[in-house]
Each structure stands twice: as structure tokens, then as C-alpha cells.
1. So for segment C:14-87, what percent of the C-alpha to C-alpha distances run longer than 18 Å?
2. In whole angstrom, how far apart do the alpha carbon centroids of segment C:111-174 and segment A:169-203 sit?
3. For the residues A:74, A:93, what sequence is obtained by ranking on other C-beta atoms within 10 Å, fewest first?
4. How many times 2.2 N^0.38 Å is the alpha carbon radius of gyration of chain A?
5. Could you tell me the center-to-center distance, by alpha carbons, between segment B:296-316 and segment B:204-244 in angstrom?
6. What full-extension length gain, to one decimal in nm, is calculated for residue A:319 and residue A:182 as 0.36 nm per residue of separation minus the Cα-Cα distance?
7. Taking beta carbons within 10 Å but only from partner chains, what does the mean come to for residues C:105-112?
8. Could you give the nm distance between label points at residue B:139 and residue A:342, where each point is 7 Å from its Cα heading toward the beta carbon?
């Protein structure tokens, strides 16, 4: 067993001998690591020398499963890659296989995917900001965020029958059309959301203690964010204006006008934890705008293109990207001509965020490490798949 | 499908609703007041002469010394037990209040199944904790691990001796009462440190060391802020400070001195930090240290730690009420009236008992308002970081408390008319702030689409 | 120096104003209705009846309109549906279904089996309460007795299949479940690792 000593011993070996430093495990069972991840932390009192993430506790072989299940059958498994933002995982996979099959998705299906995805983004961001507040110590905002999210879950439950693992997109379109009266319910929720966000801000976003805990913490500069491959709100929080929906558009997004919120150092340095948090709150409002436009312009027509029940795409490889709630999610699918994929590779935003944690944790305090992990909005199943 | 289990699926509460309501009301209203009443009834007989006089009145000659002294000792033990029992009952009831209040603030219902309105949930929790396995980590220091909760308990129960529940309802009116409370309540940190060390867990150690730093630091602004009403009253005795105030709000120390107004908030903040309540719950930060210094405790031992935390709120509230909010003073009733009602007899009159009960109710009501404020703060505010907690103490609270102290040095030399004017002015200011706050709260509900006042769903 | 003083005073002012706002928000929530639904006994209707029509609950099969096409069994990515078909011994022209088992303990309620069904025989109901002490007892055997097989349904052109209302077929099955029933002996698992045979 000498080939792979546990990670604590690796760190201990590289540590300079010092009696005052201790190595503790932040996790894998911990309320604040947003899943089952272990952060092996070497601290001197409250100051962290370094903190190394140890991932893999939630590995379920989802990419291998992609090689053993048919293309349509893999759709429910994509839900489980990121269960908090399942619409994006569904849509990304569907887009990849549609490109392999060279199938055109009808416009109504594209719009429905966009509406469902943006609702899912709102739902995922509620969890993100609520659990971030809970990690910082305020328990009430978490329940309020989940209450708001329940309304979105109810809407999506009416649409496709499930509240978390939607399995909504299909290869060639979507599985269900919007039921009668659903559009009005969505608009009523969006009206409530637009008026509720200012109460949310007064409760927690602008709270002085909250700002003091997050401003100027774990400042990630533009260059560092790009160098470490951060994506999504983490990247935009550092001031880089990049959004796959606008810059590499897909689906129905070219038809919508929306802004891309970018962290500007409103409460501290640009690229701190508060900026990443604020970007998520503002993105919820932008999603609301997109959904309103989509509902207003929803075209009539089919919701599914003609696709065989067990499609066999031509051999080839394809890469499809979607702007998931946690960043850019890429599906790289290699087909060998059979009805099961040869290789299914998923690149997720949370995995990319793991790389920068060791560098950011140097010299910070334990509470700051918590703030950093929370501000990245990581979801452990997305990291390990 | 019907899930059949051994027990009937209908709860006892549903089948016997009247008994449930009666039991709940009993526990809610009667038990604490029974305790109070017992205390009230036995306290005048603190003196052996009074005991003798009562015995003679009843027709019972206590005779020789040993019998009288034994009775005297029994009365003292009963009073001590009442005080100790009161801390336990209060801790339990507060958990229920906190969980229900926190529930509604978080858009959910708190516990509402055991007993009416969930009132028996704290009894159920206490019994459950008694039945849990007593786990002691193998590498822990067994003796210290077992002793740690009792250190905290000592720090909790000792201050109750000088808390002035009513005009004469105080176990011992020491002439250094305030000093005694500050000194003995600091004993809790010994329990925290010992438990953190003895648990043999790095997380517990983190929590314990944070707790020690916090409590020791916040003793300073607490002590200085407490000196402000002490200077205004001229005595350290708890009853003396209350007697120097009056019943009406403009006669309270918080209104009589603008520096006392500021010192109240400093004292409350420092008390929150001493009691490990959010925003200062770093020693047991749930989302970071997962229960910190009492992480390795289970069963009854952790019940003791939690009891210390909740019952400490009563001490914090009682101290603030005594020093700043007029204590047990009944509006419109002066201390001389109560003393006159006592009568010349060795035994006090029934009217005197009535006044005592009323002063007890006033004190309890004021302290409960403060306890509810602490609960409210806990469920609204996030937690501060360790270094921010230290900088808040040393950079903001200590200079602020010193400034209040220096101001009060000169203020007490001013004539009483100045104090009266300040009393009315700050009282009006407080009322205005309260009205504005209520209006803001109503506006909150009106601003959100789809929200309205709705007191249903208990 | 003035900067620090301004910052100091500003900090105190920010603390007071933001605490005021936060406290008023939480106090206002005390007077709003909690959103808790007190399942299962303090709701107006059964929770299963409050769910939307498309809710993907437990699967139900109306064998009267099952055509025996096996599309649902093929569509399931984790093979929880086990169907056995045979020729009717009495009438060789007629084919019958002798086994239709759905392993609800493994089902992930994805709905992929419901979509290809030509008549709507298999459908998701709104039922979700089916706990059993022995997990193996969660295999719902829609043809309880292989000696009484069900013939294939022949769809009539231009007419919808007369499927029973969704939820009516599963009710008797759910009511007949006994939580503490001992696990049936399913025998050895088949090639795919499923223990469907009795």
C-alpha cells in the first residue's frame, strides 16, 4: 500500500516540520462542503497554510454508464450529473446527440427548452445563494430561498412531472408541451420574483456582517480566473464578460435580449466572494427577463423532430456546450456507429473550480475557506460524476 | 396503502384533546409560576425569627434549637432547588419558544405535534436525551470529558442566586450583586475549554479556543458598560440599582442618560458574545465546526451544555433588565408603598404578597421580551469571523463603553431635572423608533407581490 | 485620518441600518403564512390528488389495452420491466402475456417507458406511497398468476384504446400491500441480474 498513501500523509510529508500546525479534514461529511468532498487542510491556528480538495467520494461511473446504455436511455442519467440544474444537463446531452445525428430541433422545442432551462437556473441559483447564506451563519435566508425555489419546482412539475430530475429534453426536442395556463402561472411567479429580490437583498445581501464576511475574500483576478479555467458565474464574478448563451449561442438564445451581469467590485475588490454571489442574484433577474420574452414569442408547432427510437449515429465525435447554472457544461460524445456511445465525456463547471482552491486558500482563515467554497457554488456530484 | 405499525396511528393529542390542552396550559403557565410562588412564599422565612413567628401563629411551638434549625435548613434547601429547577424549566420552555418563533420567521411551522402547539416537544427531547447512549471517545480524557458540563452548569446556576425576580423575591441580595454575576457567569468558559480539550478532536479544540478568546475579550466592554448604571445608582447591589429607577419607562436608566442608552446596546452585544449566541456563535458554528466544543458529546451531557446556553439567555436578559430597564418596578407603584404594605407584624400581609407577585410578573415579562429579542437576532443575522469578532470588541465596543463611562461621570453630577428631561426625550425617541419599525414591517409585506398577513397554519 | 474616521462612523451607521432592515424582514415573516403542508394527516385532500396530472409517480399497467409490443421494456434504460409473451395454448393465432413485472424499487420514474406505448396502457400515476419492509416485495406483478395470461389487445384503427382511468388499476394493488409481509422467494437472478421470476 506504499504506492498511494492517503492524502494527509502526502501533505504531511511536504509540510515543513512545525509543532503548531495541524492537518484537519474538512469533510467528507460536513454541512458546508455542498456534497461529499474532503478538503485536507493544514492550518496554523485559524490561518490556513493550504487546503487540498480530495474528490471522488461521489463517483458513480456516469461516463461509463454512457457507454452501456442507448442514446435515448442515457437522458435520465444526465439528470444525476447535476441534479440541482438538471435541465441544462438534459439539454446539453440532447444537443450533442442531435449534432451527431444531424437533426434539426423544431423552434417551439427550442423555446420550451430555453424557458425550462432559465426556470431551472433560477431554481439552482436560489439554492446557491441560500446555502451560501447558511454557510455564513444566517439560517433564515436558506429557508426563504428554498420557499421561492418550491414555486419553481411546482411550475416544472406541472410541465414535465418531476421536481428535481426532470428528464425533460429528448433527442430531437422536448417530451411535453406546455400545459394550458402554464404560461400565466410562470408570469405570475416572475412578477413575484422581481418584487421579492429586493426583500431578499435587504434581508441578507446588504447585511453588514454578510458583506464583511464576503467582501475582499478570495479575490480572483481576471487573468487567474481564465488561467484556471473557471467558468460561469465564477468567471463573471471576476470581471470577465463571457456567457455561452451570448458568445457561442445555441438553441433559442439568439432571439433573446439579455444582459450578462459581471462582478464589478461593488463591495470590495472585483472578483471577491461577494461579487460571485451578486452575479448569481442578478442572473436570476436576467433569467426572468429571458423567460418573459420567450413566453411572449413562443412559436407554434411540433415539440419533437423525427428520430428513431434507438438511433445509430454515424461514427464521429461532437462537442456541445450549454451555459449551465454552474458554468459552461460541455458534452463530448464519440460515436462508433452503434446504438451506444463509444465515449461520453462531461466537463462541468464545479470540477474546474476545484483547481483554484488550493492557491486561494493559502493564508486565509477557516471561515474564509467556507466562504470561498460556498461562493463557487459547487455541487459534488458534478465534480465526481 | 395503509402502513400498519404496532401503535395506533392517531396521536394521544388527537384522541384526548381536552387533556392535551390542560396539560399544556399547566406546564406553560402553572409550573414556572408555581416555582415562583413557592419561592415567594418561602423567602420571607429566610430569617429564623419569621419562621418562629409563623410557627407560633399556626399554634406550633418549634421549641428547641435543633428542630427550628432543621426546618430552617429545609426551607433553604427548598429555595435552592427551586432556583436550580427554574433554570432547567426555563431552558426547556425557551427551546420550544425559539423553535416556534424561528419556524414562523423561516416560513415554516415549528414543532406542533407533541402536545398542543408542540409544547411537550422539549419534554420529549429531554427524555429522549436521557435514553441516548453515553459515548465517550476512546482517546478522550475521561475525567475531564465527564466533568466539563458541570463546570458550565456551575457558571449557569450561580448567577441565579442574585437575580432580583421581585421586590423581595431574591435568593440573596449581595451588596456586590453585579460584580458577583459578572464573575460567576464567566465560569462557563471553563467548561467550554475543558470540553474542547478533553474531546481529543481538532474541531472541538477549534471551537473551544475560539470560545475562550471570545468570552474573555467581551468581559471588558460588558464590565465597563455595566459600570454606567452602577455609577448612576451608586451601588453594586442588584436591588439597589432597581430601587434607584422607577416604574415608568422614562424613569428607567436607559432613558435617564443618553450614555446609558448606548451602553445598553453595548452591554447586550457583549452579553450575546458571552452567551455564544449568533452573531457570535463561533465556538459552535454549525456550518463550520459542526457543533464545535460539544461535537463529541451526546445524550444527557450535551443536554447540559445546551441547557447552559439557553438558560444563560435568561441571565443576560435579567441583567439587562435590572441595570437598564427598571427591573421589577411596577409603573405607578413606588417602593415605599410596597414596604408600607408589609405591615408591622413579623409576618407580611396579603397585600404585600400581592405586590410581590405583580413585581415578579413585571420582571418576567420584561426579561421575556429581551429573550425574544435574542431569539430574533439569532435567526436574522449571519455569523462574524474570529478576527472580526475581536476587532468589533476592541475597536468598537471598548472605546464606546469607555466614552459612555466618561460621559456618565459628568452626567451624574447634573441636577435631577436634566435626568428627567433626558428621560422624557429618550422615551419619545424610543416610541418613535418603534412606530417606524412597525410601519417598515408592514411595508415589507405590502411590497412583495402575493404576500399578506396570514396567521393561519399552526 | 479623516478617511478612517469616516469609515469608522460609516461602519457603525451601516450596521445599524442593515440590521434594522434585516430584523424588520424577519419580523414581517412571522405574520405571513408558513408554506408547510402538514402531510399526511392535516391536508384538505390526499396529497396524491393535489399533484399535477403529469406527475411521474408509480407505474400502472392496464393490461386490457396492452398490445404486447414490448416497447416499454426495450425503452427502459435499467430494465426494470420484465414481460414474457407466449402463444395461447387454446388459440395459436392469439398471443398472450404471461408475465408483466415492474420492479418499482429500481424504477427511476424517468417516463421513458410511457412514451413509446401505443395505447397508453402503461402510465405514471400520481401515487408515490408504497413502502415495504422487504425491498423485493416492491416488484409489482401485474399478472399475478401465470396460469391466467392476458391476451394481446388489438388496436382498432381510428379509435382510441379504452384505457381505464389512470390510477384506478393501481389502487387495489396498493391497498393490498402489507408493509410487514415477508419477502417472497424470487429465486436466483436472471441473466440481467433481476429477480423477477417467482
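Every read-out reported here was derived from the displayed coordinates using simple, explicitly stated rules and does not represent laboratory data. Computed from a prediction, not measured in an experiment: that's the story for all the values here. Heads up, the Cβs are rebuilt from the backbone with ideal geometry, glycines too, and the neighbour counts pull from every protein chain shown.
1. When every Cα pair of segment C:14-87 is considered, 70 percent fall beyond 18 Å.
2. 33 Å
3. A:74, A:93
4. Here the answer is 1.00, to two decimals.
5. 20 Å
6. Stretched out fully, the residue A:319 to residue A:182 stretch lengthens by 46.0 nm.
7. Average neighbour count from other chains, rounded to a whole number: 5.
8. 5.2 nm
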